[in-house]
Amino acid sequence: MTTDYSLICDALSKHGYIVLTDFIDADLTQQLYKHVTALPETVFNTAKVGRQQSVQQLETVRNDRTVWLSETHPIEQTYLDALDALKIQLNRHLFLGLHDFEAHFAHYPPGHFYRRHVDAFRGQSNRVVSSLFYLNPDWSEQDEGQLVLYDFTSDKPLQIVQPRFGNTVLFLSEQFPHEVLPAKRDRYSIAGWFRTDKVV
């Protein structure tokens, strides 16, 4: 599969976000699904909110469970390599000054959610581009659990994304409040952030 990086960069430049259906190779998608669903629940941690000294567990805001990807696992490393290749192209085309990429698996059991939030406050974070990759075979609209993107000027959804198997969402971290709606079945994804090396 040949990735059209120019299409991705053009969409981020013009619209600030893009939804892709086949960015990650199908075989790798299957391997990642089998891998994350085989992980023992004990390795997942209840997610937290906030930054630095203000980090706290607040289950009224989010109650998903996460585990960070590691370069020591071959399947996880293959995914990280694919996103690193994208990072190089984002820097080449958009001059974003991205330094690294970090990501975690996220598991939302039925009924779990993440209320409306932003990944980066304007001028106060080193997160520049957010990514979401979905690992949910045979997902239907009735399963719910959608990602909803907003802009800052309206409560009307800008984009609603079904967390279907293989879907990837990329968006500028400072520009789009978003939320994860409760799902009716276990929902898996990889959430990641392209970052600069400047921490504010």
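Return the pair list, or none, for Cβ contacts closer than 7 Å from residues in segment 41-53 that are at pLDDT below 90 to residues that are assigned to a strand (DSSP E or B) and exposed (fewer than 10 other Cβ atoms within 10 Å of the Cβ), at least 6 apart or on different chains.
Cβ pairs passing all conditions: K48/Q56; V49/Q56; G50/Q56.
Could you please find all residues in segment 165-200 being under 20 Å from H112 (Cβ atoms), of a type in the set (K, R) and surrounded by fewer than 17 Cβ atoms within 10 Å (Cβ to Cβ)? It would help to see each step written out before you state the result.
Initially, segment 165-200 is screened for residues under 20 Å from H112 (Cβ atoms), giving 165, 167, 169, 177-192.
Subset that is of a type in the set (K, R): 184-185, 187.
Correct list: K184, R185.
Taking segment 124-140, which residues are under 25 Å from L39 (Cβ atoms) and hydroxyl-bearing (S, T, Y)?
Selection gives S130, S131, Y134, S140.
Looking only at segment 159-200, count how many residues are part of a loop (DSSP other than H, G, I, E, B) and either of a type in the set (D, E, K, R) or in contact (Cβ under 8 Å) with a residue 60 or more places away in the chain (or both). Steps first, please.
Just the residues of segment 159-200 that are part of a loop (DSSP other than H, G, I, E, B), to begin with: 162-167, 173-177, 181-182, 184-186, 196-200.
Now restrict to residues that are either of a type in the set (D, E, K, R) or in contact (Cβ under 8 Å) with a residue 60 or more places away in the chain (or both): 164-167, 174-177, 181-182, 184-186, 196-200.
So the answer is 18.
From the residues in segment 12-40 that are outside any loop (DSSP other than H, G, I, E, B) and without any contact (Cβ under 8 Å) to a residue 40 or more places away in the chain, which one is surrounded by the most Cβ atoms within 10 Å (Cβ to Cβ)? Before you say what the answer is, go through the steps one by one.
Here is the first cut: in segment 12-40, the residues outside any loop (DSSP other than H, G, I, E, B) are 12-14, 17-20, 26-38.
This time we only want the ones that are without any contact (Cβ under 8 Å) to a residue 40 or more places away in the chain, so: 14, 27, 30, 34, 38.
Numbers: K14: 9, D27: 9, Q30: 14, K34: 11, A38: 7.
That would be Q30.
Filtering segment 124-133 down to residues that are surrounded by 14 or more Cβ atoms within 10 Å (Cβ to Cβ) and of a type outside the set (G, A, S), which residue is nearest to the chain's Cα centre (by Cα)?
By that ranking, first place goes to L132.
Hey, any hits in segment 80-87 for a residue that's on the phi > 0 side of the Ramachandran plot and of a type outside the set (D, E, K, R)? Outline the logic, then answer.
Here is the first cut: in segment 80-87, the ones on the phi > 0 side of the Ramachandran plot are none.
No, segment 80-87 contains no residue that is on the phi > 0 side of the Ramachandran plot and of a type outside the set (D, E, K, R).
Does F101 count as of a type in the set (F, W, Y) and without any contact (Cβ under 8 Å) to a residue 24 or more places away in the chain? Let's see the steps before the verdict.
On the way: of a type in the set (F, W, Y): yes; without any contact (Cβ under 8 Å) to a residue 24 or more places away in the chain: no.
Judged against the criteria, F101 is not a match.
For segment 101-123, which positions are over 21 Å from L39 (Cα atoms), surrounded by fewer than 13 Cβ atoms within 10 Å (Cβ to Cβ) and not hydrophobic (A, V, I, L, M, F, W, C)? Step through it out loud before you land on a result.
Filtering segment 101-123 down to residues over 21 Å from L39 (Cα atoms) leaves 101, 114-123.
Filter once more, so that each one left must be surrounded by fewer than 13 Cβ atoms within 10 Å (Cβ to Cβ): 116-117, 121-123.
Within segment 101-123, R116, H117, R122, G123 meet the criteria.
Restricting to segment 54-91, count the residues that are assigned to a helix (DSSP H, G or I), over 18 Å from I18 (Cα atoms) and at pLDDT 95 or above. Let's see the steps before the verdict.
Going through segment 54-91, the residues assigned to a helix (DSSP H, G or I) turn out to be 54, 74-91.
When the remaining residues are screened for being over 18 Å from I18 (Cα atoms), the result is 54, 74-81.
Still in the list and also at pLDDT 95 or above: 74-81.
Count: 8.
Starting from residues that are outside any strand (DSSP E or B), in contact with a Leu (Cβ under 9 Å, 6 or more places away or on another chain) and free of Cβ contacts under 8 Å to residues at least 40 places away in the same chain, keep the ones in segment 134-157 and report whichever is surrounded by the most Cβ atoms within 10 Å (Cβ to Cβ). Talk me through it step by step, then tell me what you get.
Within segment 134-157, the subset outside any strand (DSSP E or B) is 135-143, 145-146, 150-157.
Subset that is in contact with a Leu (Cβ under 9 Å, 6 or more places away or on another chain): 135, 145-146, 150-151, 157.
Imposing the further condition that a residue be free of Cβ contacts under 8 Å to residues at least 40 places away in the same chain reduces the set to 146, 150-151, 157.
Numbers: Q146: 20, Y150: 17, D151: 14, P157: 15.
Within segment 134-157, the match that is surrounded by the most Cβ atoms within 10 Å (Cβ to Cβ) is Q146.
The values are calculated or read from the model by the stated rules, or taken from the named source; none is laboratory data. Because the structure is predicted, anything quoted here is derived from the model rather than measured. Quick reminder, even Gly has a Cβ in these numbers, built from the backbone with ideal geometry, and neighbours come from all protein chains shown.
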